[in-house]
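**Q** Quick one: structure below, then a few questions.
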Amino acid sequence: MADTTFSVRLPEEVHILLGSLSKSMNRSKNFLAREAITRFVQSEADIVEGIKKGMADIEAGRIVPHEEAIRQMRETIARVAGETKTA
């Protein structure tokens, strides 16, 4: 994947913190900013993708009613708790 560049305006206090952090970590401000943006964008993209999949499941009727989900979780917790006590 090819790299590209663009400018970002930061609040002065964030720029100062970035500079301080870069010195403490012996990394460039560019490296830290790139890492931060990459992680944030990937995380947000994953969240959006999960929401889209969830919405598709709802539209396709692949859902479990809330009460049923709670019942199943309580049964699982009770079973695991019982297994833990006998182990």
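What follows is calculated from the coordinates using simple rules that are stated; it is not laboratory data. Quantities reported herein were computed from a predicted structural model and do not represent experimental measurements. Cβ placement follows ideal geometry from the backbone for every residue including glycine, while neighbour counts extend to all protein chains displayed.
**Q** What are the ³J(HN,Hα) values, in whole Hz, obtained from phi via the Karplus relation 6.51 cos²θ - 1.76 cosθ + 1.60 with θ = phi - 60°, for each residue of segment 19-34 in sequence order, with x given for Gly and Pro?
**A** x, 5, 5, 4, 5, 5, 8, 6, 10, 6, 4, 4, 4, 5, 5, 4
**Q** Between Asn26 and Ile51, what's the calculated FRET efficiency when r is the beta-carbon distance and R0 is 41 Å? Round to 0.05.
**A** Working: r = 38 Å, r/R0 = 0.93.
Given R0 = 41 Å and the Cβ-Cβ separation, E is 0.60.
**Q** Give the angle, between 0 and 90 degrees and rounded to the nearest 10, that separates the Cα long axis of helix 66-86 from the longest principal axis of the Cα atoms of the chain.
**A** The helix 66-86 is inclined about 80 degrees to the chain.
**Q** Right, here's the next one. If I take all pairs of Cα atoms in segment 12-86, what percentage of them are more than 18 Å from each other? Kindly include the intermediate steps, with their values, before the conclusion.
**A** Working: 1903 of 2775 pairs.
So the portion of pairs separated by more than 18 Å is 69 percent.
**Q** Can you give me the Cα centroid spacing of segment 44-87 and segment 8-31 in angstrom?
**A** 41
**Q** In addition: How would you order 25-36, 62-73, 3-14 from highest to lowest mean count of nearby Cβ atoms within 10 Å?
**A** In descending order of packing, they fall as 25-36, 62-73, 3-14.
**Q** Right, next: As an exercise, use a Förster radius of 25 Å and the Cβ-Cβ distance of Glu44 and Arg79 to find the FRET efficiency, rounded to the nearest 0.05. All intermediate terms of the calculation are to be shown ahead of the outcome.
**A** On the way: r = 37 Å, r/R0 = 1.46.
Result of the calculation: an efficiency of 0.10.
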